[in-house]
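Input: a single structure, listed below in structure tokens.
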Amino acid sequence: MSTGPSQILLDAEASGEPPVVAFADTPALSPDRLIWRRLRSDRVAVRSVGVIILLLLIAILAPLVVDIFGVTGPNVRNPSTLNSFGLPSGPSFSHPFGVDDIGRDVLARVIYGARIALEVGIFGTVIAVVVGTAIGLLAGFYGGWIETLLMGAVDVLLAFPVVLLGLGIGDACGGGGCAGGAIGPGLGTVIFIVALTSFPYVARIVRRRVASLREREFVLAARSLGASSGRILYREIAPNLLAPLIVYSVLLVPTNILLEAALSFLHVGILPPTADWGQMISAAGNDILSGNSAWWYLVFPGLALLFTVLAFNLLGDGLLGALGRRGQTDG
Amino acid sequence: MDRLTAEAEDDDLQMASYTVRRILRAILLLVLVSVLTYVLFTVLPDANPPQSVAPGFFGYMKDVFLHFNFGYNHPSHQSVLSLVLTRLPATLSLVAGAGLLSVALAIPVGVIAATRRGTRVDRVAMRTALAIISMPVFWLGLIVLYLLASDVGKLPILPGANSYAGLTADPGQWFKSLILPWLVLAASQAAIYSRLLRGQMLEVMDQDYIRTARAKGLSEQSVIWRHGAGAAVPGVVTALGLDIGALLGGAVLTETVFRIHGVGLLAYHAVLRSDFPIVQGTVLLAAMFIVVVSLIVDIGNAWLDPRVRFA
């Protein structure tokens, strides 16, 4: 698990200059359409899009999906599923993934857990990308003291180990919320942590790119024609940021999902009894460490987490490949 | 001779100037990291968590920088700094071992994937790496314990949770108890570095000097390992130095799973006990630690590679 915001993303960043979308085989298409065509021919990427759509549907339609499987709701306790020692029972016909330590259906909780994972992953990433892009644009375009100030702030944030910072903020805001009620305990705090720890990476990437675009001929041409700064940012620079921002967003989602799960695992994330994968793994872990063989409620939420994160990573990897940034464009 | 001496002096001067600039920057970062900690943990929360440093911003900064007071734990009558220092050897053992292991695992995988670019071997290796990166470290740790731990495992072969012993107290037990945590913490980092190394190898192998090495008749093995990997691996080692934060974060989770009494478990237990000063002090100390480590990495890099000094 990458515990600092997306290392793959940094690999992508490390591989340098703006992508040269050079495709010797297909000469007559615009770069956008070439990237699109590449992506569509990447079977793994297409399948991961399918998985992501399926996951989103499961999350949105969770109550319906739970009904289809005919299991009890995520917070319904089934006392009859615990044996006389109070130990949970494993997979069975009525509870395909077994039940947890207090008799709740694991399948239902895994299904509902997708809601939290995707909510935090997607909303946290959107906030991070908006904030990071704004900061990176200002810093890269204006340079000077604005850049020093903004990028200095970004450097300070990057000095903190993400998981520990999240642990601290989760603890500080978990009790009564933060920022005058703007950040509520639980979900609000988790989204805040995720956005706070991932926007610096977006800001860095955008700043670097804007700083290099600023010197390119087409920007100089616009400037010499008398275009205002706002127009140059909006019409000349922003369109060139779109493709990388989409790739980085897709790669940030899985990192943020993992961070959410880690925070909930450490008891500073989503508040019980809301179904959450990290929390389920934490409860299962305590059970396993005390010698119980209740593997099912350790294994299933973990697999859900793994597949979700992997789907986004594979899509992001495919996008990198389509942009010619993976080093195996014709592999 | 004179010119050479002058150039050497010039070099020393540049190195000295770079070092001074970098140290000043690190000091500024230390101050700003403390300011941010104050804002996040004292100003931002609505329900004020208990503090154990002097009240007010300046009291806090004075405590941190003049008295090295990062908070105080009343029940145990210990300062947060001394608590963290007691726990540091365990965390450093875990992080250093996992860091080295991740690079050691990444080198063969990255190099072989790069030399077999586009083949099935390459694809399988890179997709496996992606799957490992996608795995939550705490889940991997628990699965490994469930399968292999000597107390609760199905195939009890290695010491599991709560078996850590200090290096000086019992070196054998120290090593054995860390095998699983090292592997678990190293896994995702190793996967990341093998992808990184593969990319860098591909770039390096396109260079002219590789063609020269081949042209002068060196064996392909020698070209790949000595000239190719030799040039690509230092980049990965630098990445490791800069990823110390990710490793520390992973260590919090690994220590929690394996019940290793390091700094991470200290912070986690403090959260469970609502002992906020310890949480806050640990976060600040960890950030300061990272600032210092990246200072050392940067200066080391500049010392090895003169080009860095002009950055």
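Rounded to the nearest 0.05, what FRET efficiency do B:S82 and A:R37 give with R0 = 60 Å and r taken as the Cβ-Cβ distance? Could you check?
Efficiency computed from Cβ-Cβ geometry: 0.45.
How big is segment B:2-310 by the Kirkwood estimate over distinct Cα pairs, in Å? Don't skip to the answer; put the middle values down first.
On the way: mean 1/r = 0.0450 Å⁻¹.
One decimal place: 22.2 Å for the Kirkwood radius.
Return one quarter of the surface area of the convex hull spanned by the alpha-carbon atoms of chain A, equal to its mean projected area, in nm².
That works out to 20.3 nm², a quarter of the Cα hull's surface.
For the protein assembly as shown, build the convex hull from the C-alpha positions and give me its volume per residue in Å³. Walk me through the intermediate numbers first.
Details: hull volume 133.2 nm³, N = 642.
Here the figure is 207 Å³ per residue.
Kindly point out which whole DSSP H helices in chain B project their C-alpha atoms 15 angstrom or further along the helix axis while averaging a Kyte-Doolittle hydropathy of -0.5 or above.
B:2-38, B:80-115, B:120-133, B:137-148, B:171-204, B:230-242, B:244-258, B:276-304
How shielded is B:123-133 by partner chains, expressed as the average number of their Cβ atoms within 10 Å of its Cβ atoms?
Per residue, the number of nearby Cβ atoms from other chains is 4 on average.
Pop the C-beta distance of B:T119 and A:L54 into the FRET formula with R0 = 41 Å and round what comes out to the nearest 0.05.
Efficiency computed from Cβ-Cβ geometry: 0.85.
Going by average Cβ density within 10 Å per residue, which order do the peptides A:108-117, A:291-300 take, highest to lowest?
Ranking the peptides A:108-117, A:291-300 by packing returns A:108-117, A:291-300.
Per residue of A:293-300, what is the mean number of Cβ atoms on other protein chains within 10 angstrom of that residue's Cβ?
Numbers: counts 3, 1, 5, 0, 0, 5, 4, 0.
Neighbouring Cβ atoms belonging to other protein chains average 2 per residue here.
What 222 nm value per residue comes from the helices of the protein assembly as shown, counting each DSSP H run with n ≥ 4 as -39,500 (n - 2.57) and dividing by all residues, nearest 500 deg cm²/dmol?
Calculated from helices alone, the mean residue ellipticity at 222 nm is -23000 deg cm²/dmol.
Taking the Cα centre of chain A as origin, work out the dipole magnitude from +1 charges on Lys and Arg Cβ and -1 charges on Asp and Glu Cβ, in debye rounded to 20.
Values: 21 positive and 22 negative charges, 171 e Å.
Computed charge dipole of chain A: roughly 820 debye.
How would you rank A:176-187, A:123-134, highest first, on the average number of other Cβ atoms within 10 Å across their residues?
Put in order of decreasing packing, that is A:123-134, A:176-187.
Using alpha-carbon pairs under 8 Å, 6+ residues apart, how would you state the relative contact order of chain A in percent?
Dividing the mean separation by the residue count of chain A yields 27 percent.
Which of A:S80, A:P161, A:V194 sits closest to the plus end of the dipole of chain A, meaning its Cα is farthest towards the positive end, when Lys and Arg get +1 and Asp and Glu get -1 on the C-beta?
Final value for the positive-end residue is A:V194.
Can you pull the mean other chain C-beta count within 10 Å for peptide B:290-300?
Shielding by partners across B:290-300 averages 1.
Quickly rank B:192-198, B:36-42 as a protection proxy: mean count of other C-beta atoms within 10 Å, highest first.
Order by mean packing, descending: B:192-198, B:36-42.
Hey, if you put +1 on the Cβ of every Lys and Arg and -1 on every Asp and Glu Cβ in segment B:2-310, which of B:F70, B:A267, B:L196 ends up farthest toward the positive end of that dipole?
Going by the charge dipole, the pick is B:L196.
Only helices at least 20 Å long along their axis, Cα-based, and averaging -1.0 or more on Kyte-Doolittle count here, so list those DSSP H runs from chain A. Write down the numbers at each step before the final one.
Values: long enough: A:43-60 (26 Å, 2.41); A:106-142 (53 Å, 1.75); A:144-158 (21 Å, 1.49); A:187-213 (38 Å, 1.21); A:238-265 (39 Å, 1.54); A:296-322 (38 Å, 1.60).
For chain A, where a helix must reach 20 Å along its axis and average at least -1.0, the hits are A:43-60, A:106-142, A:144-158, A:187-213, A:238-265, A:296-322.
Charges only on Cβ, +1 for Lys and Arg, -1 for Asp and Glu: so what's the dipole of chain B about the Cα centre, in debye to the nearest 20?
960
Which is farthest toward the positive dipole end of the protein assembly as shown among A:L320, B:V84, B:H227, measuring Cα position about the Cα centre, with Cβ charges +1 (Lys, Arg) and -1 (Asp, Glu)?
A:L320
Read the figures in this text as sums done on the coordinates, not as results from a lab. The shown structure was predicted, so the numbers you read here are calculated from the model rather than taken from an experiment. We place every Cβ from the backbone using ideal geometry, glycine too, and count neighbours over all the protein chains shown.
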